[in-house]
Amino acid sequence: MTETTSAPVDSAAAGSTAGEVAGRSPGQLMWRRFRRDRSGVVAACVVLFFFAVALFAPVISRLYGKDPYTRYGHEREGLLNEFEYPVKPNGGIDGEFWFGLEPGQGRDVFTQLIFGIRTSLGIAVAVTVLAVLTAIVIGVSAGYLGGKADYLLNRLIDLLMAFPNQLFFVAFMPIVAALFVDPAEETPAYIRVVSVILVLWFLGWMTLARILRGVTLSLRDREFVEAAKVSGASPWWIIRRELLPNLVTPILVQATIMLPTFVTTAAALSFLGVGIMEPTPDWGRMFARGAEVYQSDLTYMFFPAGAMVIFIVAFNLLGDSVRDAFDPRGQR
């Protein structure tokens, strides 16, 4: 008796579950899959924490009672020794200076770090937005238009991808900065930020553009695109209403890969001395200072290095989770 009644109950439950799934939008299904991925949720929380710190850095600094520019070690006696290293152990960490003092300059490390995160993430977000928009315009146009337009845009992408990125970044940063300010004058901080954004954007969009071109080529001959053409829709309407909604997945996944890459690249430029310079707080500049003093004060390097490692790992895990949520068939 039990066996005969259990089958209809199981069938009803299966039908109810299938109906719930069928009634959900692709976005809801993606969100449901993402919430089940614990590592992705934790990574998202870590990434949001970093962005919150960057956004509210001035507020945190005001509540903390210090700023990243004041040289506390020089203004007050007893904080730095004769070699300009913190007198107290562990880099001068105490209840007043939570992460210690910067060797040589005597600035507060905690505020240097949170404002450095603000600078690095601000640059990376700006470059990512510009690169994604450029990739959408060029990649989708090449894939949809085809013919000579596709050929010319592809050759442009090939040409730019042939550039040695690292050498280009190092060589052209001073040139780009010189376009705004006379080389004999001191370059303002905002000019350096704009220069870094422009240099990283110039060679940062080609990979995504090539991906979008390939996806667009596979979509432009699909039935829904052909139907839109027959109905008399303009190319702009087709791209905006038919193609772009189907390109959200590669755009979002690739953006989660691009942003941490731009963070590390911008930090590398500052580390090499061609990016953000003194006294602007920056992750890369903190690394450069830490490399100079690590033998005498290893603590100073610990905080920017630890923060960057945590951020990069969290963002990479978030990117993997987003990709799996959009395309569960790609999960291993």
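The values are calculated or read from the model by the stated rules, or taken from the named source; none is laboratory data. From a predicted model like this one, the values you see are computed outputs, not experimental measurements. Reconstructed Cβ throughout: ideal geometry from the backbone, glycine too, with neighbour counts over all protein chains shown. Just the protein is used for accessible areas: all its heavy atoms, side chains included, with ligands, DNA and RNA removed. Shrake-Rupley method; radii C 1.70, N 1.55, O 1.52, S 1.80 Å.
For beta carbons closer than 8 Å, sequence separation of 6+ or different chains, a first residue in segment 185-213 that is touching a residue at least 24 places away in the same chain (Cβ under 8 Å) and a second that is among the charged types (D, E, K, R), the qualifying pairs are 213/150.
With respect to the stated conditions, residue 167 is under 26 Å from residue 263 (Cβ atoms) and surrounded by fewer than 12 Cβ atoms within 10 Å (Cβ to Cβ).
Taking segment 171-206 as the range and being open to solvent by 60 Å² or more (accessible area, probe 1.4 Å) and under 15 Å from residue 273 (Cα atoms) as the test, the residues that pass are 172, 174, 175, 186.
Limited to segment 220-247, what total is found for residues that are in a helix (DSSP H, G or I) and either crowded, with 17+ Cβ neighbours inside 10 Å or touching a residue at least 60 places away in the same chain (Cβ under 8 Å) (or both)?
Within segment 220-247, residues that are in a helix (DSSP H, G or I) and either crowded, with 17+ Cβ neighbours inside 10 Å or touching a residue at least 60 places away in the same chain (Cβ under 8 Å) (or both) number 9.
For segment 117-147, a tally of residues being under 14 Å from residue 213 (Cα atoms) and part of a helix (DSSP H, G or I) returns 15. Suppose the filter is among the acidic types (Asp, Glu) and at pLDDT 85 or above; does residue 320 pass it? Taking the combined requirement at face value, the residue does not satisfy it.
Of the residues making up segment 264-286, those that are in a helix (DSSP H, G or I) and open to solvent by 50 Å² or more (accessible area, probe 1.4 Å) number 2.
Only one of (1) polar (S, T, N, Q); (2) surrounded by fewer than 20 Cβ atoms within 10 Å (Cβ to Cβ); (3) at pLDDT 85 or above fails for residue 90. Which number is that? So residue 90 meets the others, but not (3).
Checking 119, 128, 111, 70 one by one, the residue that is polar (S, T, N, Q), over 22 Å from residue 291 (Cβ atoms) and either surrounded by 19 or more Cβ atoms within 10 Å (Cβ to Cβ) or touching a Phe, Trp or Tyr at 6+ places or on another chain (Cβ under 8 Å) (or both) is 128 and no other. Which residues, counting only those in segment 81-106, are over 32 Å from the mean Cα position of the chain (by Cα), in a loop (DSSP other than H, G, I, E, B) and either of a type in the set (Lys, Arg) or more than 25 Å from residue 62 (Cβ to Cβ) (or both)? Those that are over 32 Å from the mean Cα position of the chain (by Cα), in a loop (DSSP other than H, G, I, E, B) and either of a type in the set (Lys, Arg) or more than 25 Å from residue 62 (Cβ to Cβ) (or both): 81, 82, 83, 84, 85, 87, 88. Inspection of segment 56-67 finds a residue satisfying the criterion of being more than 19 Å from residue 297 (Cα to Cα), of a type in the set (Val, Ile, Thr) and at pLDDT 90 or above.
A single member of 215, 253 is in a helix (DSSP H, G or I), within 17 Å of the chain's Cα centre (by Cα) and β-branched (Val, Ile, Thr), and it is 253.
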